Structure formats: structure tokens, C-alpha cells
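The values are calculated or read from the model by the stated rules, or taken from the named source; none is laboratory data. Just so we're clear, the structure is a prediction, and the values are computed from it rather than from any experiment. Reconstructed Cβ throughout: ideal geometry from the backbone, glycine too, with neighbour counts over all protein chains shown. The protein model used for the area step is the full one, side chains on, heavy atoms only, and it has no ligands, DNA or RNA in it. Shrake-Rupley method; radii C 1.70, N 1.55, O 1.52, S 1.80 Å.
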Amino acid sequence: MMTASVVGGSGGYMAGLAVVTGASSGIGEAYAERLAADGWNLIVVARRGERLSELAARLADAHAVSVRAIRADLARSDEVQRVCGEIGAAPVDMLVNNAGLAHYMPFADLPPAQARELADLNVLAPVLLTRAVVTGMLARSRGSIINVASLLAFSGSVQAAFLPDRAVYAGTKSFLVTFSQALAEEVRDAGVRVQVVCPGVVRSEFHSRQGLDMSAVPRMEPHQVVEASLADLAAGVVVSVPGLTDIGALALLDEASRDLVSVARTAELPGRYAATE
């Protein structure tokens, strides 16, 4: 069941209206805090209604902005549809698709219901929420869409003892990278910016909810991820990787992608596939 409440503030629409999903804790809460401090009015969305209402009241009081809290489980199609209706009718200038979960476990052990939940929350919800606001952004020739992914989006072939079993989770985050890159090119000339953020391990409740103890692992703070994301957004960076010191690594990845796609229209197989007797 989805419910909504509004906490008013005296601030106007100086910085516009931003929607943040998964806003009740971690990176989502940090986005909401930073945007409110910058003068943005907010629509915050999360499953935990009590925490969300507390956040809305705190931000409205502290920053004199309007904060609307919508309690919704974005893994449920009916609630995604209702949130899309709410935000699609609003003049949204920024959408932060942050809500997500992991269900780390071997693929053969992953219950079908949890596999569906991963796909619905990590893939389908961001796509539909983005679709709900992008036409308005294009009509106004302004807007920003931020999709929160993970460095695990690039981990498909990587084998390391510290990596969790992640086939579906990593696949959903890889989708967000490709979706964001392609969409960014589609809307770039229309004044709309799209970014995908790929943090590493972040200090939040995300891992504890999976039953993982990350206390011994170096972790970035949520506000650091947000600072890096918004700085990269202002600079036009599409794939934002907080903590990456050598941005040349991303350039090499882009170059490899172009090389792979360049063979799409090749009519003949290379010699290594020649039949042998």
C-alpha cells in the first residue's frame, strides 16, 4: 500500500523539484540531505514510511523547503505505477533512482521470487520512473536523471575471494550502466543530463540487510558518493565512479566498447573460425 504526506517549507522552487527513491537511509538519504541543503524541493520515496516521514520533517525544518514523502515498495508493479503517476504530473527537474537490493547468493540457490524482485526493483522501476519524468524534462529543455548502480556492474568476469555471489544483482547494475549511457546520448542535445553512479563499498544498511558484516572493509561514506556524483553531473560525466583515481580506465573501457561494436556489420568470420580437417 502506498501512502503520501507533505511537509511544507517556505522555500520556493529555486533549485527545482527533485525525486529521490530509496531515501530513508544510506546513499538515498544523503542525496536528499544534500539537495535540500542546496534549496531543492523534494519528493522522497521509500518503503519505510516512519523513517521517511521523519526525514521529510527534518529536512523541511532545517532547510525551509517542501518535502513530500511517498511510502511505496518499488518492487511491486502497482506501486511503481502509482508513483509514476504522481511524479509524471509534477515538474520534476531531477530524478535519483537509488532504491535497490542485492540478494547475494549463488544463482542456483536464488528463489525465483527473489530473482523477480531484483529485476523489478533494480531494472524495471528505474526504467518506468525515468519514462514518467523524461518527457516533461524534454519539453522544458532541462533536467537530470541519476541512476545509482555499483562497481559490481563491471565485475562479471572478475574472480576474487571478496566478491559476493552476484549473477543477477551484477546483471541488473550492468543494465543500468548501458541504459544510462544510451539514454544520455539520446537526450544530450535536448538539455537533459543522464548519469550512472558506480560506487564501491559504502557505509550504509545495504550490506547489513543482506546479513553481511562489512565492518573490516574500507568503506566510502554516503555523502562522499553524493558529492562525487553531483560534481561529475555538473561536469557532464555520464559514468561516475567515486574513488577512481585513474579516469583513463573508463576511457579504455569506452574504447574497447567501440571496438566491439564496430564489428557488428562484419560480413565474414575471421580466420580463427576457419574449418579444419
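Looking only at segment 242-254, decide whether some residue is touching a Leu at 6+ places or on another chain (Cβ under 7 Å), surrounded by 10 or more Cβ atoms within 10 Å (Cβ to Cβ) and touching a residue at least 12 places away in the same chain (Cβ under 8 Å). Scanning segment 242-254 turns up no residue that is touching a Leu at 6+ places or on another chain (Cβ under 7 Å), surrounded by 10 or more Cβ atoms within 10 Å (Cβ to Cβ) and touching a residue at least 12 places away in the same chain (Cβ under 8 Å).
Mind checking which residues of segment 253-275 are in a loop (DSSP other than H, G, I, E, B) and not aliphatic (A, V, I, L, M)? Matches in segment 253-275: 262, 265, 266, 268, 270. Among the candidates 86, 50, the residue that is among the acidic types (Asp, Glu) and buried (at least 16 other Cβ atoms within 10 Å of the Cβ) is uniquely 86.
Evaluation of residue 72 against the conditions (1) surrounded by fewer than 18 Cβ atoms within 10 Å (Cβ to Cβ); (2) at pLDDT 95 or above; (3) under 26 Å from residue 198 (Cβ atoms); (4) not basic (Lys, Arg) shows that the sole unmet condition is (1). Restricting to segment 204-234, name every residue that is modelled with pLDDT of 95 or more and of a type in the set (Gly, Ala, Ser). Passing the criteria: 228, 229, 231, 234.
Each row is one residue, and each column tells you yes or no for (1) among the β-branched types (Val, Ile, Thr); (2) touching a Cys at 6+ places or on another chain (Cβ under 9 Å); (3) open to solvent by 30 Å² or more (accessible area, probe 1.4 Å); (4) under 24 Å from residue 220 (Cα atoms).
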{"residue": "96", "(1), (2), (3), (4)": "yes, no, no, yes"}
{"residue": "99", "(1), (2), (3), (4)": "no, no, no, yes"}
{"residue": "108", "(1), (2), (3), (4)": "no, no, yes, no"}
{"residue": "120", "(1), (2), (3), (4)": "no, no, yes, no"}
{"residue": "124", "(1), (2), (3), (4)": "no, no, yes, no"}
{"residue": "130", "(1), (2), (3), (4)": "yes, no, no, no"}
{"residue": "134", "(1), (2), (3), (4)": "yes, no, no, no"}
{"residue": "141", "(1), (2), (3), (4)": "no, no, yes, no"}
{"residue": "145", "(1), (2), (3), (4)": "yes, no, no, yes"}
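Counting residues that are within 23 Å of residue 16 (Cα to Cα), in contact (Cβ under 8 Å) with a residue 40 or more places away in the chain and over 22 Å from the mean Cα position of the chain (by Cα), which helices (runs of 4 or more DSSP H) fully inside segment 48-123 reach at least 2?
Working: elements: 49-63, 77-88, 112-119.
So the answer is 49-63.
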